[in-house]
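Asks: Quick one: this structure, given as structure tokens, is what I'll be asking you about.
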Amino acid sequence: MRMERRRFLKLSAASVGALMLAPAAGALRLPERLARAPKTWYQGDVSTVLTTCGNCFWACGVRAYVEGGRVWKVDGGEANPFSRGRLCARGQGSVAQTYDPDRLKRPLIRVEGSQRGDGRYREASWDEALGVVASGMLAIKDSYGSESVAFFGHGGGASWFGDYLAAAWATPNVGDPSAALCTSPRETASQWTFGRAIGGHEPVDWANADYVVLLGHHIGEDTHNSQLQDFSLARKRGAKLVVVDPRFSVAASKADRWLPIKPGTDTALLLAWLHVLVTENRYDAAYLAAHAVGLDELAAHVRPFSPEWAGPITDLDPADIRAVARELAAHAPRAVLPPGRHTVWYGNDTQRLRALFLVNALLGNYGVEGGFYLAQAPSVADYPHPDFPLVPASGGCSAAAERAAPSARVTAIRSITANHRQSVDTGRFFADTTAIQELIPAMITGEPYRIAGLIDYGTNLFHSIPDVARTKQALQALDLYVAIDVLPMDHVMWADVILPEATYLERYDDLLEIAHRSPVIELRQPAVEPMWDSKPGWWIARELGLRLGLERYFAWPDIESYLDTRLRAIGSSLEQAKGLGTLQQAGRPYLADWEKDGPSPFGTPSGKIELYSRTFADAGFDPLPRYEPPKEPPEGYYRLLYGRSPVHTFARTQNNWVLMEMHGGNAVWLNASEARRLGLRSGDYVWLENEQRVREGPVAVFATERLRFDCVYLVHGFGHRSPNMRIANGRGASDTALMSRYRLDPISGGAGMHVTFVRLVPGAPRPRLPRLARLARRKA
Amino acid sequence: MARYGMAIDLSACVGCAACAVACKLENEVPPGVSRLWIRLEESGRFPELHMQYRPEQCLQCEAPPCVPVCPTGASHVTSDGLVLVDVEKCIACGACIAACPYGARYFDPRGFVSKCTFCEHRLSQGRLPACVETCPTLCRTFGDLDDPHSEVSQAIRAAERVDVLKPELGTRPKVVYLNAPAGFGLRSMGVPR
């Protein structure tokens, strides 16, 4: 038998050369000898490390399997409320980022005489690179003051810079894209309606909800792990689902009722629901009498906004509008309208979210089973340090801060900053977070004062902040621009100094403190040593602090003792946290828990749910939400909408080979009838051109029935232009590149981004790109 | 001795590919080939639309066409009903790839044919296949089809509808699909993602 098989192989091998010439037979690459079963990682000596995923910001618990000094696979942490033993594609694929050969490997300094954006760098030691950063920051402080250095940060290690180093250094100009480019409107609306934050993990009580209405909320394409589990379990339990979206999203495909609303008219729909609940007496009168103020004003306000009024505005059948309102009421209080996540759409977004929260309030579901539970942040003391000169307010959707008493918090920030200038956006908005995009003009104009330095940690400047041309102009005007990142992203390759960070599997971060029904504390710990000469964020921040004369704030000798001290203060220890991964504290999730023993959970000026906002009225804003028609696209243009891929996190994961195998580029969705009218077919390449003649692409057309006729749709995060990211480079189109303008929400400071109109320019060439599998086979 | 099978609830699957990525890394599946992929089916006219994400992989047939065509006995059926490839016996002739009506097998560039094993190595440790363990929609159940109390048997009993791919071929797949939309069912054509 053995002889026969060898002979068979020899004969086959003789024909290999000829076969290889024919592409169709390419699969018949025969082995020179019989294959031996490859040794797999799980046959080795595998150890398991419990840590916290960093491939998005949901902070799932992770079991990392290590063999031979390498992480091979991860699974979801079992005793973690955000993973419950499971992981999404991004979590599962996170290992591939650690071993990406395109990672930043050593500190880089921009070659003298080159311009920002030329991309010419030389390698440097950490000592030299950190020295250049420190002397640049100190020079700015001498000339303009410490406030003239801004910090942008997003992600796991951002707290070391935006919260810790920036506070010690004394700058209030700290921005997080997850606030004004994402959640500010809903956080502001929630703050001034319920007096509480929504926070990074939406406190929707899925486990008890019987009727759920999603507005532009893409669960399924947006795979926040436990949220998707809850969504699936609720449907399995028989909960009814209504999805309002101009696009037949994945969530819409699972819905009992899909309302394909005209983009930009959601507030009219919400007002009509308020109208039905009020005029048909379908609201929870007892709940409102106990917990809310302003019902009379609300009732008078919504009287004109009938379903028949909203029908032609929203392009929906008034009978459907009325039916949903009645079904909501019939299921109350176990009926809920979650706020969604990316809420910066049209520049009047705080008012839209106010309308959404008012519908919830009329259903009597806030702080009640089946509606919203009351999330609380864990209580963990800081590592002892001298008082910081100020406390920046970067915030963001993952911010742990429990803002039960916003006014107190804002006052505290202001009093601490008495000796320092306030952030350049101070006083403009109701959000208690900084509007990151409003810091950019100060870099260009010097008004109200100059921002001359930028330390950017993981915020993709060109794929998250609209008006990229303005951002580039601002970067050119800076005295110092430093990027701390894992990959040579487009914006990173503009920096004066580039500091390579370790991936989440290679580093400790500060404790993750997450508001939840039972407050959560999570540990991120290294499973393996950092690759190449990359360093953890805590080390980079500390070494910078020491070089800036801030050693009194960095008294801890190493990260283990820092974390151990913080954990011992709550009766745990680093040793215990390493074994558990996740700690939880007791919470008070429902109003009934607060009524027993405690102050009002509503941190509004009145201490109640404010249906009518006197604060907004006093500031010159509508005290009750009003519908404002969106600007219509000009002839030949479509409104540009965008969303998520379940396998990607923003613009961060497009160089990850395994995730790119699942979704390797985006296409522009166009209604099939519109495509026929324009003579376009799926797979044709076009340019997208906005009203300012900015072109993006080439990008393939996806002609589909799943979208209204008046808009086009792109998945966000593609269209990288960075030759050093070999996989991401040139694949797909960037929606952000087309956003030459945004519409500012004057209440929250959010940057409304559904206001771009584009036309499709046919005849674009199909891009020639190297094969993904070939790029993926490169070794780290 | 078990008769391992898997059920995938299509009413829950959102096509998020967590299963497919978990499979790749668990089994060190090389770039360019896959053991598990997701098909997207769309039908209807705006706004009357249907959509279905359908994960596909080796169906672990009870009458597997890939086994009798193997000239060396590399493709075989275990006592637990798993259809597996013995790499050391495989000569990469490709007969099994041609015989599989579901496109479930591929050439591994290391010189053998490979496919889904139901994560046999995990089963021997009492763990679930990687795709089942990680699914954030809980759409996959797994277990012994002969055990009426197994999770998979219970899920199949509770389903409104049970389908297999290409039933007319008589392959008797042990991966079944639950709750495909009425009047839509499983379409064999579609856009692979």
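Asks: Please list, by residue number, everything in region A:346-361 whose backbone N is under 15 Å from a paramagnetic label point 7 Å out along Cα→Cβ of A:ARG741.
Replies: Under 15 Å, as judged by backbone N against the label point of A:ARG741, lie A:346-348 of region A:346-361.
Asks: How many nm is it between the label spots at A:ASN419 and B:LYS166, if each spot is 7 Å from the Cα in line with the beta carbon?
Replies: Reported label-point gap for A:ASN419 and B:LYS166 is 7.7 nm.
Asks: Share of antiparallel DSSP beta bridges in chain A, in percent to the nearest 5?
Replies: 50
Asks: Farthest toward the dipole's positive end in the protein assembly as shown, which of A:VAL668, A:SER178, B:VAL164, given Cβ charges of +1 (Lys, Arg) and -1 (Asp, Glu) about the Cα centre?
Replies: B:VAL164
Asks: Magnitude of the Cβ-charge dipole of the protein assembly as shown, K/R +1 and D/E -1, about the Cα centre, nearest 20 debye?
Replies: So the magnitude is around 3220 debye.
Asks: Taking the Cβ-Cβ separation of A:ASP45 and A:ILE570 as r and a Förster radius of 30 Å, what is the calculated FRET efficiency to the nearest 0.05?
Replies: Taking R0 as 30 Å, the efficiency between A:ASP45 and A:ILE570 is 0.30.
Asks: Let me know the charge dipole size of region A:188-342 about its Cα centre in debye, to the nearest 20, where only the beta-carbon of Lys, Arg (+1) and Asp, Glu (-1) is charged.
Replies: With only Lys, Arg, Asp and Glu charged at Cβ, the dipole is about 300 debye.
Asks: Rounded, prolate or oblate: which fits region A:638-776, taking a ≥ b ≥ c as square roots of the Cα gyration tensor eigenvalues, rounded meaning a/c under 1.5, else prolate when a/b beats b/c?
Replies: Judged from the Cα gyration tensor, region A:638-776 comes out oblate (a/c at least 1.5, b/c at or above a/b).
Asks: Ok, one more. Counting partner chain Cβ atoms within 10 Å of every residue's Cβ in A:230-238, what's the average?
Replies: 3
Asks: Rounded to the nearest 500, what is chain B's calculated 222 nm mean residue ellipticity when only DSSP H runs of at least 4 contribute -39500 (n - 2.57) each, over all residues?
Replies: That calculation yields -3500 deg cm²/dmol at 222 nm.
Asks: Further question on the same structure: Can you find, among B:VAL87, B:SER153, B:GLN125, the residue farthest towards the positive end of the dipole of region B:76-193? Put +1 on the C-beta of Lys and Arg, -1 on that of Asp and Glu.
Replies: Projecting each Cα onto the dipole axis, the largest value belongs to B:VAL87.
Asks: Same structure again: Could you give me the ³J(HN,Hα) list for region A:737-754, computed from phi with Karplus coefficients 6.51, -1.76, 1.60 and θ = phi - 60°, whole Hz, x at Gly and Pro?
Replies: Computed from phi, the couplings for region A:737-754 are 4, 8, 8, 6, 9, 9, 10, 6, 7, x, 8, 9, x, x, 9, x, 10, 9 Hz.
Asks: Here's something else I'd like to know. Evaluate Rg over Rh across the protein assembly as shown, taking Cα atoms for both radii and Kirkwood's formula for Rh.
Replies: That ratio is 0.96, to two decimals.
Asks: If I build a Gaussian network model for chain B, linking alpha-carbon pairs within less than 10 angstrom, which residue out of B:THR72, B:THR171, B:THR117 has the largest mean-square fluctuation?
Replies: B:THR72
Asks: For the pair A:ALA780 and B:ALA99, what calculated FRET efficiency results from E = 1/(1 + (r/R0)^6), where r is the Cβ-Cβ distance and R0 = 30 Å, to the nearest 0.05?
Replies: Calculated value: 0.20.
Asks: Return the calculated 222 nm mean residue ellipticity for chain A, to the nearest 500 deg cm²/dmol, obtained by summing -39500 (n - 2.57) across DSSP H runs with n ≥ 4 and dividing by the residue count.
Replies: The helix-only estimate for chain A comes to -8500 deg cm²/dmol at 222 nm.
Asks: By average Cβ neighbour count within 10 Å, what is the ranking of A:202-210, A:486-494, A:90-98, A:765-773 from highest down?
Replies: Output ranking for A:202-210, A:486-494, A:90-98, A:765-773: A:90-98, A:486-494, A:202-210, A:765-773.
Asks: Within 10 Å of each Cβ in peptide A:653-665, how many partner chain Cβ atoms are there on average? Round it to a whole number, please.
Replies: Average neighbour count from other chains, rounded to a whole number: 3.
Asks: Using Cα-Cα distances under 8 Å and only pairs 6 or more residues apart, what relative contact order does chain A have, in percent?
Replies: It rounds to 19 percent for chain A.
Asks: On average, how many beta carbons from a partner chain sit within 10 Å of the beta carbon of a residue in B:87-93?
Replies: Partner-chain Cβ atoms within 10 Å, mean over residues of B:87-93: 6.
Asks: Report for region A:638-776 the percent antiparallel among DSSP-assigned beta bridges with both residues inside it, nearest 5.
Replies: Around 55 percent of the beta bridges assigned by DSSP in region A:638-776 are antiparallel ones.
Throughout, read-outs are computed from the coordinates displayed, never taken from laboratory work. Because the structure is a prediction, the values reported are computed rather than measured. Ideal geometry is used to build each Cβ from the backbone, glycine not excepted, and the neighbour counts take in all protein chains shown.
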